[in-house]
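Written below as structure tokens is the structure these notes are about.
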Amino acid sequence: MGSRAIPIEKKRGRPRSNDTQKAILKAAAEMVIGAGLAEMTIEGVAERAGVGKASIYRRWPSKGALAFDAVVDTIIAVHPTLDTGSLEGDLVHVAEGWVRLSNNRRGGRAVAHFIAEVQSDPDLAAAWRERFVKRIRNERRPIIDRAIARGEIAAGSDADLILDLLYGPLYHRYLNGHLPLDESFARGVARMVAAASVDGAAVPDPPS
């Protein structure tokens, strides 16, 4: 019997690619949270991550898209969507986490810079909605799905309306600074949104 060649197992490329992506996101988050979007550069991210610029451009179409993905990843890692067993408990957890982020000097400043930058750049604004706002909302949407599954709120409840009612007051105080943005306020907002949702206020009116 002739000798059989020993097969050589090919190394998979995906883990290395995943490591590269993680390094880029980590570097981008550090730069944008530390210095702001205007100071973050693709060259700087590449140098900090130890990769070539081509590795970044293959994954992200723009600096803004990379910055938004990096910060959202950080937010979700630090403030995951927990299942507390009730709609109010879940909303309180999200609202308190948002307040802590906003009051953090570096994290809050980064989000403020984002909001300012997107006002004058339509392309950046589109990336903001898709990669920051939409991702955060999709991450929190299971809160509403769980409340419906528990029978806590009506099946027809408008998840987008509930999330807007939760985040709207938080952004309002964050941007205007007219009153304290603290955890007591966060709990009050979450409690009122949950109560209204349980009462059926988030169910759309039937078509006339």
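Derivation of every value follows stated rules applied to the coordinates shown; laboratory data play no part. All figures in this text were calculated on a predicted structure; none of them were measured in a lab. Cβ atoms come from the backbone with ideal geometry, glycine included; neighbour counts cover every protein chain shown.
Worth a mention:
- Remark on region 134-195: hydrodynamic radius 12.6 angstrom, per the Kirkwood mean of 1/r across alpha carbon pairs.
- q = 0.12, 0.13, 0.14, 0.15 Å⁻¹, region 41-141: log10 I(q)/I(0) [Debye, one scatterer per Cα]: -0.47, -0.54, -0.62, -0.70
- Computed label-point distance, nm, for sites residue 130 and residue 62 using a 7 Å Cα→Cβ extension: 0.9
- Cα Rg, Dmax, region 44-94, angstrom units: 16.3, 47
- Axial C-alpha extent at least 18 Å, average Kyte-Doolittle at least 0.5 - helices from the chain (DSSP): 63-78, 183-198
- Rg/Rg_ref, region 95-140, where Rg_ref = 2.2 N^0.38 Å and atoms are Cα: 1.21
- Computed Kirkwood radius, in angstrom, where 1/r is averaged over Cα pairs of region 91-181: 14.5
- Note: relative contact order over the chain, using C-alpha pairs below 8 Å and six or more positions apart, is 22 percent.
- Placing pseudo-labels 7 Å out from each Cα toward the beta carbon at residue 100 and residue 86 gives an inter-label distance of 2.0 nm.
- Rg in Å to one decimal, and Dmax rounded to a whole Å, for the chain via C-alpha atoms: 21.4, 86
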